[in-house]
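*Asks:* Please read through the structure below; I'll follow up with questions.
The values are calculated or read from the model by the stated rules, or taken from the named source; none is laboratory data. Only a predicted model underlies this, so the values are computations on that prediction, with no experimental measurement involved. Here the Cβ positions follow ideal geometry from the backbone for every residue, glycine too, while neighbour counts run over all protein chains shown. These area figures cover heavy atoms from the full protein model, side chains too; ligands, DNA and RNA do not enter into them. Shrake-Rupley method; radii C 1.70, N 1.55, O 1.52, S 1.80 Å.
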Amino acid sequence: MNKIKFTELGLSYEILKAVDNMGFEVATPIQKNAIPKIMNGKDIIGRAQTGTGKTAAFGIPLLEKIDENLKKPQAIILCPTRELAIQVSRELKNLAQYKHGIQTLPVYGGQSIGKQIRALNKGAQIIIGTPGRVMDHMRRGTLKLNNIDFLVLDEVDVMLDMGFIDDIETILRDIPEDRQTLFFSATIPGSIHKLSKRYQKNSEFVKVAKEKMTVPSIDQYYLKLKRKNKFMALTRLLEYHNPNLALVFCNTRKMVDELTSELMADGYLVDGLHGGLNQNQRDRVMSAFRDKKIKVLVATDVAARGIDVDNVEAVFNFDLPQDTDYYVHRIGRTGRAGNSGKAFSFVARRDNNQLNKIRRHTKSRIDKGNIPTLNDIEKIKFKHLIDDIAEYIESEDLSKYISMIESSLNNDYSVKEIAAALLKKSLNQQEEESENLESFGDTGAEPGMVRFFMNAGSRDHLTPGHVVGTIAGETGIAGGNIGAIDIYENFSFVEVPREDSQKVLATMHNNFIKGNKINMEPANAK
């Protein structure tokens with residue numbers, strides 16, 4: 001494929017300077033194919049996933065065609081989520097850094113509408129927003145549409161999946177018909193073609209070549225198994241590979257909720273993300289995932305579009321996606337920023353044809369994987385222990401202790417026997433300590449504390465004050481002695497002094513906090 005430099009696309013000095021300042025020289029395939037068509041006034045449908053440079057593909061032509069002297073909205077870019085609207089706004093600001101007469105403005109729920117109205121009154125020319133907030137400004141009369149020449153629908157498939165079709169059509173009908181209309185989407189279902197026929201003029205289809213759609217640094221595996229064995233396979237793979245962060249994809253909201261609950265009950269730091277959550281709930285879940293307060297995120301395809309986390313080490317297709325393009329988008333969440341990643345797909349008997357379609361579509365190698373046995377998991381954990389010991393030997397000065405052993409044992413035992421005895425004694429000691437911790441094991445708490453899991457969270461209107469007040473009131477423990485409290489969407493964790501842990505568990509299990517019956521159990525430090 002011939003590479004095209006930005007200097008060959010007939011762009012203005014200001015845009016070329018901005019692109020050069022951002023470190024780009026060669027246009028990506030979607031930019032090379034889309035920019036000339038948009039510059040020539042064509043309506044297009046662009047198929048491109050996140051990370052292909054699609055924002056610049058529509059952003060550069062818009063910035064070139066905006067009238068800098070007209071201080072009124074001339075372009076609207078619709079995005080499905082607040083995260084994407086902010087991301088698009090940032091990139092456009094960078095691209096417009098030398099076009100001093102152009103102002104961009106993101107508008108979305110959760111931000112002061114008064115602040116947005118003041119910015120609109122100052123004369124922002126490019127509006128980037130979610131459908132709901134754009135319609136809100138339209139109803140208020142704070143967003144005037146009579147000068148809108150360009151409308152961009154970014155990630156159209158996600159907006160349709162999220163139920164925004166009525167809002168989108170309302171906006172499309174209210175904008176002057178002589179506008180230029182651009183659709184960008186990672187997948188192109190039939191619903192997008194229908195929307196195009198109604199609201200675009202002789203649109204052209206622009207796509208990224210399929211052979212460029214997968215990431216070479218991702219090792220891809222499929223596991224053929226019965227549906228009832230999927231949960232067991234997932235937990236064993238998580239145990240064996242122990243990813244820093246992991247994404248698990250399901251096809252329905254119901255499956256996300258069910259799998260999240262099962263993993264929680266098994267002690268994993270996990271939460272779910274799907275289109276049924278409001279923006280504040282989505283923000284809390286994503287913040288916890290980025291901060292590694294949760295290590296496993298279970299999500300639907302719609303919700304996953306806003307995920308931009310570089311250190312995801314593994315992706316699991318708990319349900320095989322029904323659309324082959326979704327497979328590409330899912331596994332693209334790992335192997336980012338120069339890192340390697342792994343992708344595992346669970347394939348039931350009825351999924352065989354879909355697996356073959358994915359192979360043909362992606363033109364990538366997907367190897368057969370195996371479910372780790374309990375013995376495999378034990379061996380890998382032992383290997384990690386040995387690696388830790390080897391690293392300790394390399395980093396520490398052990399000469400004093402070598403002399404002590406040599407002088408004390410009089411060469412009656414071999415070095416291997418001594419090492420084996422110390423290792424066994426250490427492991428036995430850990431087991432005894434575990435048993436002495438009231439059978440709670442390692443709960444991931446601070447020293448001297450025990451961490452408990454509770455099956456209620458922020459969606460149940462739980463707050464740290466409720467947790468402290470109830471535990472202190474029911475058990476007689478001083479509130480100040482209760483440790484860290486972490487409240488997530490569907491569950492919570494609380495740390496209590498080890499000496500009080502049995503009392504807390506006995507008193508609070510099946511008790512009530514703020515009207516919620518609490519299932520309390522020791523957390524698992526997985």
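*Asks:* 5 Å is the cut-off here: which amide hydrogens, built 1.01 Å from N in the peptide plane, fall below it relative to Ser345, excluding neighbours closer than 5 in sequence?
*Replies:* Close amide H contacts, sequence-distant or interchain: Tyr221, Tyr222, Leu223, Asn317.
*Asks:* Residue by residue through the stretch 155-163, what is 3J(HN,Hα) from phi via Karplus (6.51 cos²θ - 1.76 cosθ + 1.60, θ = phi - 60°)? Round to whole Hz and write x for glycine and proline.
*Replies:* Here the 3J(HN,Hα) series is 6, 4, 4, 5, 4, 5, 5, 7, x Hz.
*Asks:* A further question on this structure: Name the long-range amide H neighbours of Asn511: under 5 Å, sequence gap of 5 or more, or other chain; modelled H, no Pro or chain starts.
*Replies:* Result for Asn511 returns Ile518.
*Asks:* Right, something else. Quick one: which residues, 5 or more positions from Met449 or on another chain, have an amide H under 5 Å from its amide H? H modelled 1.01 Å from N in the peptide plane, none for Pro or chain starts.
*Replies:* Amide H to amide H, under 5 Å and 5 or more residues apart or across chains, Met449 pairs with Arg498.
*Asks:* Tell me which of Thr252, Thr362, Val206 sits at the most positive position along the dipole axis of the chain, charges placed on C-beta atoms (Lys, Arg +1; Asp, Glu -1).
*Replies:* In the chain, that residue is Val206.
*Asks:* Same structure, new question: With 22 Å as the cut-off, how large is the P(r) tail for the stretch 14-173, expressed as percent of Cα-Cα pairs?
*Replies:* Percent of Cα pairs beyond 22 Å in the stretch 14-173: 39.
*Asks:* At 25 °C and 0.890 mPa s, what whole-number value in µm²/s does Stokes-Einstein give for the translational diffusion of the stretch 460-507, with Rh from the Kirkwood sum over Cα pairs?
*Replies:* 223 µm²/s
*Asks:* With only alpha-carbon atoms counted, please give the Rg and Dmax of the stretch 85-222, in Å.
*Replies:* Rg and Dmax of the stretch 85-222, Cα atoms, are 17.1, 55 Å.
*Asks:* With a 1.4 Å probe and every protein chain kept in, tell me what percent of the accessible surface of the chain is carbon plus sulfur.
*Replies:* Ligands and nucleic acids excluded, carbon and sulfur give 47 percent.
*Asks:* Additional query: Please report, to two decimal places, log10 I(q)/I(0) for the stretch 118-195 at q = 0.12, 0.22, 0.23 Å⁻¹ as given by the Debye formula with identical point scatterers on the Cα atoms and no solvent.
*Replies:* The Cα Debye sum returns log10 ratios of -0.35, -1.11, -1.20.
*Asks:* Using +1 at the C-beta of Lys and Arg and -1 at the C-beta of Asp and Glu, which of Asn21, Ile45, Gln31 has the Cα lying farthest in the positive direction of the dipole of the stretch 1-49?
*Replies:* Ile45
*Asks:* While we're looking at this one, here's another question. Over all pairs of distinct alpha carbons, what does the Kirkwood formula give as the hydrodynamic radius of the chain, in Å?
*Replies:* 26.5 Å
*Asks:* Hey, could you grab the Kirkwood Rh for the stretch 1-105? Inverse mean 1/r over distinct alpha carbon pairs, Å, one decimal.
*Replies:* 14.2 Å
*Asks:* With +1 on the Cβ of every Lys and Arg and -1 on the Cβ of every Asp and Glu, and nothing else charged, how large is the dipole of the chain about its Cα centre, in debye rounded to the nearest 20?
*Replies:* 2760 debye
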